[in-house]
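What follows is calculated from the coordinates using simple rules that are stated; it is not laboratory data. Treat the numbers as computed from the prediction; the structure is a model and nothing was measured. Positions of Cβ are generated from backbone atoms using ideal geometry, with glycine treated the same way; all protein chains shown enter the neighbour counts.
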Amino acid sequence: MIVQDVQMYLQNQKRASIEQIAIHFDMSEDALRGILRRLVRKGRVRCLGSACACHGCSSCSPGKLEIYEWGESAKSNLAAPTAGHCCN
């Protein structure tokens, strides 16, 4: 099942962008968001949102900015993932 595959991928990688996950599984980012949202709700994954430290240059790919992390710390963040935005 793909949910378990994504879960195992994040367990092994610890942290990955939605773009990296999409490339690994040859899936669209939109399709993955539903799976990742489910893992976030279960407290297994945390959406770190934007990892961009810029000031709105908009040259970063949104898929590179939407970061997901595996771990126990994920239980403290139950918010649904959002599309990555550079410096909201």
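Along Cα→Cβ, 7 Å out, is where each label goes; now give me the distance between the ones at residue 15 and residue 27 in nm to one decimal.
2.2 nm
Under a Cβ-Cβ cut-off of 14 Å, what is the net charge of the residues other than residue 13 that fall near it, where Lys and Arg count +1 and Asp and Glu count -1?
Net charge in that neighbourhood comes out at +1.
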